[in-house]
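The structure appears below as structure tokens.
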Amino acid sequence: MKAASFSQQTTKIVAAIALGTILVVIGMWEGIAQPLVRAKRDQTTRLHELQTKIGQATQELRKAVEDRNQNTENLIQIIDISDRYLLHPSLGNYLISATVVLEKHAAKCGVTLESVRDAGLFDLPASQRKKGTVNYLRCYTARVVLRVGFFDLVRLLSSLETENPYLCIGALSITPQASGDVERHTISFDVQWPVWSDEDLFADLERQLQQDLTPEVRKIEQR
Amino acid sequence: MNLHIDFILPSERRNPNPVSWKAIKLIAWIVGLLIVLVLVAYAIVIFFALRREVQVAEAVWSDLQTRHQEIVALRSRVQTSSDILTELEGWKRSALAWHKQLLALQAEVAPSIQLTSLKIEQTTQIGSGTAPTRLFTVTIRGVARGTSPENDVQALQQRLRDASAFASLVRSVEVSHFGVATDVKEHRVFQITCRYQPRDFL
């Protein structure tokens, strides 16, 4: 009898221990293992994300050196073209600058201009290739009137057009003089120059170029 | 007669085997527990190593992000400067050297023709390619004084179409007016309209 009750007690103890162990294992799984697995998965996803972004950013950094050089080249070209071929206002007035250019060429060709008048500043129709495209340039027109022979006119136009390939004769009229002089005609023509839509933009481009060419900035970019 | 009395209970008897089931079970429990603990410890170490890696990557990304924003801004500036250059080149491309056209015109006019006026007009509009375009029209008025004024005017029209200075630039040449001159009946007054090919800015 004593042996039988001892055996029952042992069985109960073993069962209790087994149950306790199972509960501990389940507790460890739910309380430690599962959250750990979830957290590891999240961290792995985050790490993968970061590594992708870092990879892309590193590639872009390498390309940035090329981009900066390209931008510098573009700016040098733009500023050169602007200084040589675009009309810039003098005291807020394009006519003064235009007159200076026209008188210079007239003097070179030995002709006299009767008048140089302002014929307007206008925007070109904006390109419809890309939505929101803006024009960086506008068109300034000066109207010139003179009385010269055909070949003198051609020499004057040649001088203007050869020096500035961005300039365009927009309109021209050659009519005979009322006096009957067949050597000289009444001539009127429009000269069109590209001008900046925003002179501040041009100043901004010059500043950008100065910045790009600063050795300190180049060193920082190379780091 | 033999009498066998066991003073030791069967459960108290020593097992002749060096390894008992009890010991095996105990060892198995201990080893199992140790394995579980080692696995858990390993998982925790891996997790913390991974977290450290993430922290390092986040620090690198944070540094790169600032530079990345500068790069995005730089790319925008490159696009702007390229667009400006394209627009400038468009102005150059769309312009026409009129001094050459006038010289070529003068060379094509026969001695029997006297030009009385010449007009060049320009309009700008959006062309078929959705880019702004220059459209030039030249209107020539004159008097044909020769013995065969119709032929002279037609020949001039043909030369304005085919001469090398005009062939690639001119789209059409039409005699838009042809009539009797008011002063001399044998002479003919004419008007020729030359329409140039559209010249795109872009």
Review point. So which aspartates and glutamates pass the test for B:LYS25, namely a Cα distance under 20 Å, with those fewer than 8 places away in the same chain ruled out?
Key: B:GLU12
Practice item. Would you mind checking which residues have amide H under 5 Å from B:LEU169's amide H? H placed 1.01 Å from N; only 5 or more apart, or other chain. Key: none
Revision key, fill the gap. Using alpha carbon centers only, the range A:161-209 is separated from the range B:50-94 by a whole-angstrom value of 39 Å
Exercise for review: Roll a 1.4 angstrom probe over the protein heavy atoms and tell me the percent of accessible area of the range A:1-156 that is carbon or sulfur.
Suggested key: 59 percent
Review point. In the range B:60-202, what is the volume of the convex hull around the alpha carbon atoms, normalised per residue and reported in Å³?
Key: 118 Å³
Review point. Which angle from 0 to 90°, rounded to the nearest 10, does the C-alpha axis of helix B:98-108 make with the longest principal axis of chain B?
Key: 40 degrees
Review point. Counting pairs of Cα atoms in the range B:28-120, how many percent are more than 20 Å apart?
Key: 74 percent
Check your understanding: Cα axis of helix B:149-162 to longest principal axis of chain B: angle in degrees, 0 to 90, nearest 10?
Key -> 20 degrees
Check your understanding: What spacing in nm lies between the two simple spin-label points modelled at B:THR137 and A:GLN210, each 7 Å away from Cα in the Cβ direction?
Key -> 4.9 nm
Check your understanding: Rounded to the nearest 500 deg cm²/dmol, what is the calculated helix-only ellipticity per residue at 222 nm for chain B, with -39500 (n - 2.57) per DSSP H run of length n ≥ 4?
Key -> -18000 deg cm²/dmol
Check your understanding: Using a 1.4 angstrom probe and counting only protein chains, how large is the accessible area of B:VAL45 in Å², to 10?
Key -> 100 Å²
Review point. Percent relative contact order of the range B:1-145, based on C-alpha pairs within less than 8 angstrom and at least six residues apart?
Key: 14 percent
**Study point:** Distance (nanometres) between label positions extended 7 Å along Cα→Cβ at A:ASP83 and B:ARG67
**Key:** 3.3 nm
Point to revise | Which listed pairs, of A:LYS104/B:LYS100; A:LYS12/B:LYS22; B:LYS92/B:LYS119; B:LYS100/B:LYS185; A:LYS63/B:LYS92, have C-alpha distances above 24 Å, in listed order | key: B:LYS100/B:LYS185; A:LYS63/B:LYS92
Check your understanding: In nanometres, what is the gap between the two model label sites at B:ILE44 and B:GLN106, each 7 Å from Cα along Cα-to-Cβ?
Key -> 10.0 nm
Check your understanding: With Cβ to Cβ distances under 12 Å as the rule, what net charge do the other residues near A:THR44 carry (K, R +1; D, E -1)?
Key -> +2
Exercise for review: Take the alpha carbon atoms of the range B:126-202, find their radius of gyration, then divide it by 2.2 N^0.38 Å using N residues; give the quotient.
Suggested key: 1.35
Revision key, fill the gap. Of every Cα-Cα pair in the range A:1-156, the percentage lying beyond 21 Å is 77 percent
Check your understanding: Got a sec to turn the phi values of the range A:57-73 into Karplus ³J(HN,Hα) couplings, 6.51 cos²θ - 1.76 cosθ + 1.60 with θ = phi - 60°, whole Hz, x for Gly and Pro?
Key -> 5, 5, 4, 5, 4, 5, 6, 4, 5, 4, 4, 5, 4, 4, 4, 4, 4
Review point. How high is the relative contact order of chain A, given as a whole-number percent (alpha carbon pairs under 8 Å, six or more residues apart)?
Key: 18 percent
Revision key, fill the gap. Across A:VAL25, A:VAL101, A:VAL37, the residue with the highest GNM fluctuation in chain A (Cα network, 10 Å cutoff) is A:VAL25
Practice item. Please report the orientation-averaged projected area of the protein assembly as shown, defined via the convex hull of its C-alpha atoms, in nm². Key: 42.2 nm²
Review point. Heavy-atom accessible area of A:ARG207 with all protein chains present, probe 1.4 Å, nearest 10 Å²?
Key: 140 Å²
**Study point:** Once the Cα gyration tensor of the range A:73-184 is diagonalised, semi-axes √(5λ) in Å
**Key:** 31, 17, 14
Point to revise | List B:GLU89, A:GLU60, A:GLU30, A:GLU183, ordered by accessible area with a 1.4 Å probe, largest first | key: A:GLU183, A:GLU30, B:GLU89, A:GLU60
Check your understanding: Could you give the dipole magnitude of the range B:1-109 about its Cα centre, charging the beta-carbon of Lys and Arg +1 and that of Asp and Glu -1, in debye to the nearest 20?
Key -> 440 debye
**Study point:** Computed [θ] at 222 nm, deg cm²/dmol, chain A (DSSP H ≥ 4; -39,500 (n - 2.57); rounded to nearest 500)
**Key:** -20500 deg cm²/dmol
Point to revise | Per-residue SASA entry for B:GLU150, accessible area with 1.4 Å probe, Å² rounded to 10 | key: 80 Å²
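The values are calculated or read from the model by the stated rules, or taken from the named source; none is laboratory data. Note that the structure is a prediction, hence the values are computed from the model and not measured. Neighbour counts are summed over all protein chains in view; Cβ atoms, including those assigned to glycine, are modelled from backbone coordinates with ideal geometry. Protein only, heavy atoms only, side chains kept; ligands, DNA and RNA dropped before computing areas. Shrake-Rupley method; radii C 1.70, N 1.55, O 1.52, S 1.80 Å.
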